[in-house]
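**Q** Provided herewith is a single structure, encoded as structure tokens, for subsequent inquiry.
The values are calculated or read from the model by the stated rules, or taken from the named source; none is laboratory data. Keep in mind the model is a prediction, meaning the values are calculated, not measured. Here the Cβ positions follow ideal geometry from the backbone for every residue, glycine too, while neighbour counts run over all protein chains shown. In case anyone asks, the SASA skips ligands and DNA or RNA and just uses the protein heavy atoms, side chains included. Shrake-Rupley method; radii C 1.70, N 1.55, O 1.52, S 1.80 Å.
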Protein chains: 2
Amino acid sequence: MTRRSDPDYRPNLTLRDVSEASGVSEMTVSRVLRNRGEVSEKTRQKVLAAARDLGYVPNKIAGALASNSVNLVGVIIPSLSNMVFPEVMMGISDVLDDTPLQPVVGVTDYDPEKEERVIFEMLSWRPTGLIVAGLEHTDAARKMMQAAGIPIVEIMDVDGSAVDACVGISHERAGRETATEILKRGYRKIGFLGTKMPLDHRARKRFEGFNAVLTEAGLALADEEYYSGGSALAKGREMTQALLSRTKDLDFLYYSNDMIGAGGLLYCLEAGLNVPGDIGMAGFNGVELIEGLPRRLATMDSCRTEIGKAAAQIIASVLDKSAPKPARQIELSPVFAPGDTVR
Amino acid sequence: MTRRSDPDYRPNLTLRDVSEASGVSEMTVSRVLRNRGEVSEKTRQKVLAAARDLGYVPNKIAGALASNSVNLVGVIIPSLSNMVFPEVMMGISDVLDDTPLQPVVGVTDYDPEKEERVIFEMLSWRPTGLIVAGLEHTDAARKMMQAAGIPIVEIMDVDGSAVDACVGISHERAGRETATEILKRGYRKIGFLGTKMPLDHRARKRFEGFNAVLTEAGLALADEEYYSGGSALAKGREMTQALLSRTKDLDFLYYSNDMIGAGGLLYCLEAGLNVPGDIGMAGFNGVELIEGLPRRLATMDSCRTEIGKAAAQIIASVLDKSAPKPARQIELSPVFAPGDTVR
DNA sequence: GAAGGATTTGTTATCGCTAACATAGATTGT
DNA sequence: ACAATCTATGTTAGCGATAACAAATCCTTC
């Protein structure tokens, strides 16, 4: 009576309305609408008809509070501005579509503080599980996740230690393997092109792995170029031109992602360079776009969809107590795809 | 006592725990944590310290139920598989980041029945507002949205009638204007390349607008080609090759999106065709990628980020009762960007 | 046809938090 | 000094659903 005295208070339909319209108790209505418990066919039809007529939409807020269960899965990713994370989302959606669970997305912009806020916000909805990109978090964020008492899946990366479960690839290893392949093919004077993103730990780890192999072989990067913002394809072009004109005789260009790699490839072909004879190129991610380029850029698949699927399965597995428990640490192994841009 | 007798019941921290730890009432704790109402600085500090020590995370489910307000905005889009919708999301996030609101995404896969289910699911969380792509919905979905009593913003399209607010462009007009520009430049034998998606109403409307202008000029499409699935860039290539070898003397190719247009452009350039002299090309969307192509594909910007922003602003405006109310019907006007692929 | 189990429906007590109102202290004005 | 006015805090009563238990109804079966 106090609440409803607010002049702005606009009551929605409740279970009570359906209950009155159909002449049964609220509990029975609840049972019908959730398909839970035994209800006679006659009553069921009566209730469904009443609910439909009224246009009743259940209030999950109340339901979640009463049942202490929320069919939401928090998904926390750094960005939506390239296809990498939407593709992970697709994997997640794909699996969750077969369950009552629904993903809720939060974006951190690669900012640890913002990530912490987003995690806090997510956890305050008491989701069934949380999927978070990366293994690097603030101490507070890590503590919150540990204390949450729900499955937490850290995705994309396995180089580090996870709060709970984790699914991803080793970016350090990806960098190493790419470097190994490149050296094996006889390239020696190598340039690196990447993003200006100190907080993109996965890019950093690839870079470190890559460099480590060069160092072990007694080599070092001949030159580097970084960008931020703008059309990745255009930036790839510009950076490539800048790098090649600054440092002569480079025989390989390693790009931190396929998009700038594609830009670089287009540039080299237009410039009439002999790819992969005089100069080789490789990117990272294995994006679909590569299929349509004049030559297939060498790359390494980052297994985005599989990662999303596996992560979602781990979360979904808590619903089905009888199902076999999936592994809680999953490392996928991307393979180097030489395409047409290495010899 | 009954609930807590469940052996699996794992109680989270509640306001009561913080209240006991800090020696004030639950209500005062609630006030401190929400920055609402007058609380002395001393008490505030005491409460904050207790909450931090315990690692308390509020339960928004309970809060939302008690206060009858939910800081969630439902966003319902057909797909995540191309950058169009993630870019709309970016616009939405951008605006909502300055508010207490948080987006929750649902994906429909262009399926009206699934859309209806997703809308039902969203509304059952009693969000502050709903953003839905497109104007075409099932009757039931439309009825639910009307009855929800929250701002509903239908986005991307304005060719039709909206349930409540709407922000977008006229795809019919976009198609017409593109056709007009093409004819103005003297192209006459035109081929169309698009997606096999009867339920992509916006693509259909562009197609219809485009055709209408041709018809008015006494012309008709010379040939058409459709695809589904796969790398859009690669498909653009393949379709272009197929179309050009099937129908000779085409002098223009109109693509239903930039990605296949880009593939087509790469193909034509490799094939040594004279673009835009002998054959012109145009796409749709104005994606960033275009900047990095060998030539800038003619296109028309679909104003994705602005649409997302405007939609989010409409929803956000209900929070701030003093703020000026934004228009509830917003039509943006994309302009034809000729680039380098029309003469 | 009455006992006894199965099936169907109802009642009660929360879930954790917040709106509204109530009250206790502190402060002020005359 | 005492009523009037603030400030700071507490109390009460839900929000709309569901879990657990209780009661009522329906069949069997002998």
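**Q** Which ranges mark the helices (runs of 4 or more DSSP H) fully within segment A:230-343 that have 3 or more residues being under 19 Å from B:Glu291 (Cα atoms)?
**A** A:232-246, A:258-270
**Q** Which of the residues spanning segment A:66-81 are open to solvent by less than 60 Å² (accessible area, probe 1.4 Å), within 30 Å of A:Leu233 (Cα to Cα) and assigned to a loop (DSSP other than H, G, I, E, B)?
**A** Once the filter is applied, which keeps residues that are open to solvent by less than 60 Å² (accessible area, probe 1.4 Å), within 30 Å of A:Leu233 (Cα to Cα) and assigned to a loop (DSSP other than H, G, I, E, B), segment A:66-81 yields A:Pro78, A:Ser79, A:Leu80.
**Q** Taking A:Glu136 as meeting all but one of (1) more than 13 Å from chain B (Cβ to nearest Cβ); (2) open to solvent by less than 10 Å² (accessible area, probe 1.4 Å), write down the number of the exception.
**A** (2)
**Q** Show the residue pairs meeting these rules: Cβ distance below 6 Å; 6+ apart or different chains; first residue within segment B:61-73 and closer than 20 Å to B:Glu154 by Cα; second residue β-branched (Val, Ile, Thr) and part of a loop (DSSP other than H, G, I, E, B).
**A** B:Val73/B:Thr128
**Q** Still on this structure: Taking segment A:21-55, which residues are near DNA strand C (Cβ under 6 Å from one of its atoms) and farther than 22 Å from B:Ala62 by Cα?
**A** A:Val24, A:Ser25, A:Thr28, A:Gly37, A:Glu38, A:Val39, A:Ser40, A:Thr43
**Q** Still on this structure, I have one more. In segment A:210-227, how many residues are part of a strand (DSSP E or B) and surrounded by fewer than 16 Cβ atoms within 10 Å (Cβ to Cβ)?
**A** Final tally of qualifying residues: 2.
**Q** Would you pick out the residues in segment B:49-61 that are open to solvent by less than 60 Å² (accessible area, probe 1.4 Å) and either over 17 Å from B:Pro100 (Cα atoms) or in contact with a Phe, Trp or Tyr (Cβ under 7 Å, 6 or more places away or on another chain) (or both)?
**A** Result: B:Ala49, B:Ala50, B:Ala51, B:Gly55, B:Tyr56, B:Val57, B:Lys60, B:Ile61.
**Q** Another one. Tell me which residues, restricted to segment A:74-108, are within 9 Å of chain B (Cβ to nearest Cβ), more than 13 Å from the chain's Cα centre (by Cα) and touching a residue at least 24 places away in the same chain (Cβ under 8 Å).
**A** Passing the criteria: only A:Gln102.
**Q** Does segment B:283-314 hold any residues that are more than 13 Å from chain A (Cβ to nearest Cβ) and under 18 Å from B:Gln241 (Cβ atoms), and which are they?
**A** Selection gives B:Gly283 alone.
**Q** Please find, among A:Gly149, A:Gly186, A:Gly230, A:Gly236, the residue that is within 24 Å of A:Cys268 (Cα to Cα), surrounded by fewer than 19 Cβ atoms within 10 Å (Cβ to Cβ) and within 14 Å of chain B (Cβ to nearest Cβ).
**A** None of the others qualify; the one that does is A:Gly230.
**Q** Just to check your reading of the model, which residue among B:Gly286, B:Gly277, B:Gly261, B:Gly272 is in the same structural domain as B:Arg188 (by TED's automatic domain parsing), surrounded by fewer than 22 Cβ atoms within 10 Å (Cβ to Cβ) and closer than 21 Å to B:Phe210 by Cα?
**A** Just a single option satisfies the conditions, and that option is B:Gly286.
**Q** Let me ask something else. So is A:Pro58 more than 8 Å from DNA strand C (Cβ to nearest atom), out of contact with any Cys (no Cβ under 8 Å at 6 or more places or on another chain) and at pLDDT 95 or above or not?
**A** Answer is yes for this residue.
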